[in-house]
Amino acid sequence: MYEAMWDADTGGVLLTSDLSPDNIRIEIRPVFYEELDLLGLDQDWSYPKSEEPLLWATSGRRYFYRGRLVAETRGGGFFEKPQIVTYEENLSLTPIDIRGMVEKNSRLMEGLEQKAIEFIHNTYKKYSRKVDVTAVAFSGGKDSLVLLDLVQKALSPDQFVVVFADTTMELSPTYEAVEKAKLRWPKLNFQTARCHKDALTTWKEFGPPSRILRWCCTVHKSAPTLLLLRHLTNKASLKALVFDGVRCSESTGRSGREKVAHGGKHKPQINARPILNWFASEVFAYIFWRGLEWNAAYRFGNSRVGCSLCPFSSQSNDFINTHEYFSEIKPFSDLVLSMNKLGDEENSTQHMYLRTGQWKSRSGGHNLDHAVTKVITNDEPDQLTFHLLDPKAKWQDWIGVLGPVSLETASVGTISIGSHEFRFDQVLMNNAQKVIVTGFQGLRPSYKSLFRALAKKTAHCIGCGACVVECPTGALKLDQKIGVQKDLCVHCHNCLTFTEMGCVLAKSLKCREGGVRMKGLDRYNTFGIRSNWIEGFFLNPGDWWHDNTLGKKQYEAMKVWLTEAEILKGAEITELGRILQRSGSRNLLTWAIIWTNLAWNSRVVRWYIENIPWNSLVDKKDLIVRIANGSPKRTEVNAIGALVGTLRDTPIGNQLGIGVVHTRGKAISHIEKTPWKDPDCLAVLYSIYRFAERTDKYNLTVSEIVENASFGPHALFGLDETTLTHCLRRLSSDNSAFLGVELVKGLDNINLNPERKSEDVLTLAFN
């Protein structure tokens with residue numbers, strides 16, 4: 001909304017509508033004496049123990065006094081105090097003149113407040129008759145505090161309910177903040193939503209949450225909130241309008257949020273965000289302006305308040321919370337350490353796993369001591385066979401959610417999904433179940449996906465309640481375990497499709513089926529492909545082997561990469577290699593073809609494609625943690641080094657966008673995986689033909705390629721259905737000898753010419 005500028009007069013900030021390069025465009029927060037004491041700055045500076053803040057800090061942990069940079073901190077963590085760099089010695093601090101700052105900002109704050117109140121009022125007016133209940137999500141943090149004050153000004157107390165989602169792992173100041181809010185607004189209807197399991201129990205069952213596996217928010221916040229609202233309204237088919245305090249500037253993940261979002265997290269929920277476009281400076285200005293009593297954890301330097309141990313917390317937050325609230329964190333940190341099974345030399349000390357933040361990067365169950373493969377699947381064209389090992393539920397208890405079931409015996413029957421009928425046969429074997437399902441021949445892969453989700457649900461369901469809130473009819477009932485009321489089920493499949501694998505627990509404990517170690521990771525040493533290597537090779541492929549500047553290990557890695565790219569066979573360049581040679585190493589199509597072939601032949605590239613989602617940011621350490629699969633640690637480190645090198649040193653990374661490598665100084669900070677913005681349609685056609693050749697399927701659908709094709713254009717290049725459809729129309733028009741498409745009246749059929757090969761596609765571009 002408004003930008004901010006330093007005010008040397010009051011020591012505060014001034015909101016402004018004038019645009020200037022000198023304005024503050026990053027998140028800032030006030031700094032109190034408690035934080036300075038904690039950092040040890042009382043040894044260098046003098047300042048009073050005042051209620052008012054003394055200076056400001058930016059999100060980069062830089063400290064400003066009346067507009068001057070006076071200090072910054074670096075590093076820190078669970079057991080390490082941040083390093084302090086001061087730029088002014090013997091500084092004497094005077095508290096910020098809050099009253100003066102408020103007076104200077106009051107005119108703009110009135111306008112900001114009025115706009116937010118108007119939005120809340122209009123949104124409620126628009127949706128109040130379409131929903132069963134209106135709620136305010138109150139977390140006890142600064143943003144939800146401002147939100148609540150705005151909503152209570154816009155609506156009467158009988159028009160909404162305030163819900164605090166108690167995760168049972170909040171910091172003590174958060175619980176105090178909730179009680180203070182109740183005292184400030186005694187007429188409001190405060191309710192507490194809580195999972196029927198405490199956090200320590202769910203951490204043991206799910207494994208610690210991570211930046212990738214944020215199951216805790218679903219299990220302990222959003223699902224309990226909706227279940228509570230169902231209870232309050234006595235409506236199973238609940239529709240709720242929820243006002244939340246999400247802001248764009250908090251994180252890149254939230255920057256794309258809509259001000260009013262339908263079914264973003266859960267289908268029964270409409271989220272409205274009155275302060276979505278506010279900066280932190282506006283939030284704090286509002287708090288000071290209205291005299292709101294905020295969470296005391298901010299006074300120690302926390303930029304955000306939330307769970308006592310959170311994978312999204314910063315290093316500085318970890319230090320603060322460990323120092324000030326150690327007894328509240330310890331049960332969870334002890335659990336993280338006890339469940340970790342990495343146990344290699346780099347993690348041998350008790351605290352290393354916490355100190356390095358590796359626990360925050362968990363992507364599955366491979367490093368958890370209790371995670372085991374519970375579903376082994378044998379996939380054939382017409383048949384799926386599931387081996388369910390020690391399942392938590394019975395197959396027959398869940399199969400009814402797919403469609404009407406007809407039983408021939410207790411274990412044999414058929415199930416109808418739409419117009420298709422599938423036959424199943426289940427065999428009980430001590431603590432295991434074997435289920436055979438037939439009838440998939442010629443059908444879309446999505447039908448198999450439903451059965452796979454059902455198998456995961458059967459094997460893992462412990463009754464967390466996450467899927468219950470997705471049921472539109474109340475057919476799922478939670479009473480320690482989940483029961484399916486078949487007479488209420490409409491077979492919408494929401495309970496199977498709301499999350500990957502059909503079950504939050506199954507996703508959190510995901511292990512490679514059969515526990516097979518990934519082979520072939522050590523063949524590159526640490527070296528990826530480099531553009532200049534390819535360019536040198538293409539100039540004279542015959543002599544390059546005897547006339548190059550590569551070291552022995554680089555030479556060996558290059559041979560492997562060329563072989564896996566299908567440019568080299570033995571010691572000879574292939575026909576594909578000769579075609580790419582004519583194209584040249586500066587042609588993006590060349591690199592798209594190389595990437596496509598590597599997807600089929602390189603274990604580390606295949607892993608990257610399958611495990612790193614589009615539009616995600618990961619650092620190099622995260623990748624190493626994620627790829628852990630039982631191989632020697634050095635092998636995994638080398639493989640990731642080679643992968644990152646390939647992304648960094650070729651157009652595959654930066655120009656195709658498949659892995660943009662960001663650096664901090666000379667060090668790699670993170671990798672950003674983004675879709676190819678301007679894809680070459682011939683690369684799309686080549687990838688589709690490669691998929692057809694590997695699967696022997698020349699009649700495909702657009703949805704199949706987008707949703708399920710392992711290494712089709714969506715998996716390889718991030719192409720969505722709209723972009724893919726555009727390319728297909730163009731290709732069909734220009735190259736009818738290769739493919740025909742039906743993309744009208746709900747049809748999305750792709751018919752490839754089986755007499756053509758993938759290499760033939762390249763003749764269209766390079767001849």
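Read the figures in this text as sums done on the coordinates, not as results from a lab. In this text the structure is predicted, and so the values were computed from the model without any measurement. Quick reminder, even Gly has a Cβ in these numbers, built from the backbone with ideal geometry, and neighbours come from all protein chains shown.
In this Cβ point-charge picture (+1 for Lys and Arg, -1 for Asp and Glu), segment 16-98 has a dipole of about 280 debye about its Cα centre. Can you find, among G76, L227, I593, the residue sitting farthest towards the positive end of the charge dipole of the chain, where Lys and Arg contribute +1 and Asp and Glu -1 at Cβ? Final value for the positive-end residue is L227.
Rounded, prolate or oblate: which fits segment 116-294, taking a ≥ b ≥ c as square roots of the Cα gyration tensor eigenvalues, rounded meaning a/c under 1.5, else prolate when a/b beats b/c? Rounded, because the longest to shortest axis ratio a/c is under 1.5.
What FRET efficiency comes out for the pair I117/L69, r = Cβ-Cβ distance, R0 = 56 Å, nearest 0.05? For I117 and L69, the calculated efficiency is 0.95. Summarising the label geometry, the points placed 7 Å from Cα in the beta-carbon direction at T409 and S106 lie 8.4 nm from one another.
About its Cα centre, the chain has a charge dipole of approximately 1140 debye under the convention of +1 per Lys or Arg Cβ and -1 per Asp or Glu Cβ, with nothing else charged. The helix-based estimate of mean residue ellipticity at 222 nm for the chain, built from -39,500 (n - 2.57) per DSSP H run of four or more residues and divided by its residue count, is -11000 deg cm²/dmol to the nearest 500. Extending 7 Å from the Cα toward the beta-carbon at both K235 and K153 defines two label points whose distance is 2.9 nm.
Measure nothing fancy, just the Cα-based angle from helix 588-601's long axis to the longest principal axis of the chain, in degrees from 0 to 90, nearest 10. Its long axis makes an angle of about 80 degrees.
Decide, for segment 419-463, between rounded, prolate and oblate: order the square roots of the alpha carbon gyration tensor eigenvalues as a ≥ b ≥ c, take rounded if a/c falls under 1.5, and otherwise choose prolate if a/b is larger than b/c, else oblate. The shape class here is oblate.
Across the cross-link table entries K569/K757; K621/K673; K49/K182; K221/K267; K392/K507; K49/K187, which are compared at the Cα atoms, the separations over 25 Å belong to K49/K182; K49/K187.
Which FRET efficiency value, to the nearest 0.05, is calculated for K553 and A667 with the Förster distance at 30 angstrom and r the Cβ-Cβ distance? Don't skip to the end; give the middle numbers.
Values: r = 22 Å, r/R0 = 0.74.
Efficiency at R0 = 30 Å is approximately 0.85.
Dipole of segment 375-515 computed with +1 at Lys/Arg Cβ and -1 at Asp/Glu Cβ about the Cα centre; of L476, H460, P404, farthest Cα towards the positive end is H460.
Phi angles of segment 290-306 translate, via the Karplus equation with coefficients 6.51, -1.76, 1.60 and θ = phi - 60°, into HN-Hα couplings of 9, x, 7, 9, 9, 5, 5, 5, 5, 5, 8, x, 5, 7, 8, 10, x Hz per residue; Gly and Pro are given as x. Note on the chain: dipole from Cβ charges, positive end direction compared against L14, I612, I287; the farthest Cα belongs to I612.
Ordered by the number of other Cβ atoms lying within 10 Å of each residue's own Cβ, fewest first, V260, V70 fall into the sequence V260, V70.
The slack in the chain from Q480 to T192, taken as 0.36 nm per residue of separation less the alpha-carbon distance, amounts to 101.8 nm. Extension gain for the segment E88 to C217, taken as residue separation times 0.36 nm less the Cα-Cα distance, is 42.2 nm to one decimal. Here the dipole of segment 375-515 is about 340 debye; that uses its Cα centre as origin and unit charges on the Cβ of Lys and Arg (positive) and Asp and Glu (negative).
Working out 0.36 nm times the residue gap between H262 and T763, then minus their Cα-Cα distance, what length gain in nm do you get to one decimal? Mind showing how you got there, number by number?
Working: separation 501, 0.36 × 501 = 180.36 nm, distance 4.70 nm.
The span from H262 to T763 would gain 175.7 nm if fully extended.
Tilt of helix 142-154 relative to the longest C-alpha principal axis of the chain, in degrees (0 to 90, nearest 10)? Approximately 70 degrees, to the nearest 10. Across segment 469-483, coupling constants 3J(HN,Hα) worked out from phi with the 6.51/-1.76/1.60 Karplus curve, θ = phi - 60°, read 6, 7, 6, x, 10, x, 5, 9, 10, 9, 9, 6, 10, 8, x Hz, and Gly and Pro carry x.
For the pairs K130/K456; K259/K456; K204/K620, note any where the Cα-Cα span goes beyond 32 Å. Provide the component values of the computation, followed by the final result.
Values: K130/K456 35 Å; K259/K456 35 Å; K204/K620 27 Å.
Cα-Cα > 32 Å for K130/K456; K259/K456; rest within.
Can you tell me, using C-alpha contacts under 8 Å and at least 6 residues apart, the relative contact order of the chain as a whole percent? Before the final figure, lay out each step's value.
Values: 1319 pairs, mean separation 68.4, N = 767.
Relative contact order, the chain: 9 percent.
Compute the relative contact order of segment 521-673 as a whole-number percentage, counting only Cα pairs closer than 8 Å that sit 6 or more residues apart in sequence. Intermediate values should be presented prior to the final figure.
Details: 197 pairs, mean separation 47.3, N = 153.
Worked out over segment 521-673, it gives 31 percent.
For the listed peptides 662-668, 318-324, 752-758, a ranking on the average number of other beta carbons within 10 Å per residue, highest first, reads 318-324, 752-758, 662-668. In this rough spin-label picture, where each label sits 7 Å from Cα along the Cβ direction, the T695-S172 distance is 5.7 nm.
In this calculation the C-beta distance from S50 to S531 is compared with R0 = 45 Å, giving a FRET efficiency of 0.15. Between 0 and 90 degrees, the angle of helix 315-324 with respect to the longest Cα principal axis of the chain falls at about 50 degrees. Once you sort the root eigenvalues of the Cα gyration tensor of the chain as a ≥ b ≥ c, which label holds: rounded (a/c under 1.5), prolate (a/b larger than b/c) or oblate (the other case)? Note, shape of the chain comes out oblate.
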